[in-house]
1. Counting other Cβ atoms within 10 Å, keep those with at most 16, restrict to DSSP loop, and tell me which chymotrypsin sites (Phe, Trp or Tyr not before Pro) in region 191-299 are left.
2. What residues have an amide H closer than 5 Å to that of residue 486, excluding those fewer than 5 places away on the same chain, when H is modeled at 1.01 Å from N in the peptide plane?
3. Per residue of region 523-533, what does 6.51 cos²θ - 1.76 cosθ + 1.60 with θ = phi - 60° give for ³J(HN,Hα)? Whole Hz please, x for Gly and Pro, Karplus curve as stated.
4. Just order 82-89, 376-383 by mean Cβ neighbour count inside 10 Å, highest at the front, would you?
5. Taking a threshold of 29 Å on the Cα-Cα distance, which of the pairs 425/547; 405/476; 414/534; 238/310; 405/487; 363/414 fall above it?
6. What's the extension gain from residue 56 to residue 312 if we count 0.36 nm per residue and subtract their Cα-Cα distance?
7. With a Förster radius of 60 Å, plug the Cβ-Cβ distance of residue 34 and residue 236 into 1/(1 + (r/R0)^6) and report the FRET value to the nearest 0.05.
8. Using +1 on the beta carbon of Lys and Arg, -1 on that of Asp and Glu, and nothing else charged, what's the dipole of region 403-498 about the Cα centre, debye to 20?
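Bear in mind that the values in this text are calculations on the coordinates, not laboratory data. In this text the structure is predicted, and so the values were computed from the model without any measurement. Here the Cβ positions follow ideal geometry from the backbone for every residue, glycine too, while neighbour counts run over all protein chains shown.
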Amino acid sequence: MERREYAQKFRRSAIFQAAKTNTPGNFLTLLGLWFVSPHDEMFVTVFIPFAIFISLLSVAIITLGAKFSSDSSENTQAIFEKSYFYLTCLLTGSLGFFLVFQGWHFGFLSTAHLATWVFIMATLEACASYLFHIPKFFFVTFMALLFPSFIWLLNVGTTTSYVISAIILVYCPIMLNRVSELTKLKNQTVDLLQLTQERENQLQIFIDMLPSHILWIDSNFLFRGLNKKMERLIGERKDILNKSLFDTNLNKVISSEIHSFFVSKQDQEMVELLISTSEGERWFMCSFSKYDFGSGNEVFVACVDIHEDKMIKEQVAKQRTLNEQAANLVNLGEMASGIAHEINNPIAIAQGTATVLKHKIEKNEFDSEVILKKLDKMIESHERVTDVIKGMKSFSKSEVSEDRKNILLADIIKSTLVLCSEKFKDHGIVLDTSRVDNSVSYSCKKQDVSQVLLSFLNNSFDSVSKNSDDLKKEIKIYTENSDSNLKICVSDTGGGIKDTKKIFVPFYSSKSPGKGVGLGLSLSQKIAHSYNGKIEAQSEDGVTTFKLALPVTELRT
């Protein structure tokens, strides 16, 4: 906004306010003139039309101000100021005419004349200093209205007339100086208003450039500002500014959260909100802050659209779950041949035993002790197949809902080896479990520890199976106890690992294509972390050792 526009706005407001204030003063002036003047026939004949004219002028001024003072149009402003100027001149001129009449009729030093002179001086100062702030206007009006009285007083030639003339002469520059000072003050006020508005405009431009949705509300729940991004979310600025939180059609999610934060004792809050927009429901991360500028807490709201990020995170979480499930199945797939052996061998034993029993029955060779042994063997084979199937089901589940239980680690190791021991035998790999502590139990989910152990065994199998027949093929499984943790260890003689730092990175694999997806150890590390534990990998002199370290807080013996 230009300086001229500020000046016009300032002057228009000042004129209307002064008009409302001076109108009662005009009627008091008429009342005062009535009481200080003798009521002869000539005075009454002149005063009544004069009073009616002054009253009509006052009413016209108020009506004009009420009609045009709120219109910011430049043409309307010009009409308003000119009309008000002429009406004020008529009013002041009428008082000047009445001053001359008072001096001519009652004497220029009479009480009536002096009182009228005082009233004119007050009106003149009000019009010049408080309304228009134009020193030249005051000086010209002063000379036109009061200079004749000054000359007449000098012509009277009395001591009193000389004193009054001196007062008029001295009072003129004093009032002129006051008008000049008020004019400077007005100009400074206009400049400050302009600077403030410019700063507000600059701040609004800066806020509009921010990537966040910005909104602030004062202590009376009135909207004081928002940026363009927030407009797109809750509505246009003109429909919201300076209106109450409860009188606008603001999004219910936002308004409810703002009200809750207002009445809470918190100074800051971060919350994710699902907000309805023109593009549908979207997720926003909203920050709420309070600040007291001296008139109560005001609330500032900044919202960032996180919808895409949240959708991506949810998709990543779903994909991670699928990857984990796939990794479990891959672990089983890598042991498929071993599992086939574990199932086929008991079935073959059961089938062979059943055939022997059939032949004995056909020959009527009934030996109860032999038959019982054969049946026990068949039952044992059936139980072994059942254990393998249970193990497979356990590893194929994406989630395990069971609570942690106190389980012997030796039992976990044994049930895990059910899935792969036959495969190790076929490849001439020796499994050594002699150093497993059979008395140590741990509060855990059996499937978690089995999955980690199976991942260790898969990696050891791939490493050891590459050894030539003349090299030792051995995998050791053992436990270690200390004051801080319990460790389940798998050690192999497969030649070692070049870089143990990369093996826990998801999808990293040193195996040939088709031998794995590189998720086994990273998922195992995740399981270990869920127990506040970790996985350690060591490779020295061709021997690689993987250790699942678990805190002793869950240890039971």
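1. Values: sites: 206, 216, 221, 223, 246, 261, 262, 283, 284, 288, 291, 293; in loops: 221, 246, 293.
Passing sites in region 191-299 are 221, 246, 293.
2. 550, 552
3. 5, 5, 5, 4, 4, 4, 5, 5, 9, 6, x
4. Result, highest mean first: 82-89, 376-383.
5. From the list (425/547; 405/476; 414/534; 238/310; 405/487; 363/414), the Cα-Cα distance tops 29 Å for 238/310; 363/414.
6. 84.6 nm
7. For R0 = 60 Å, the calculated efficiency reads 0.55.
8. On the way: 14 positive and 14 negative charges, 36 e Å.
Rounded to the nearest 20 debye, it is 180 debye.
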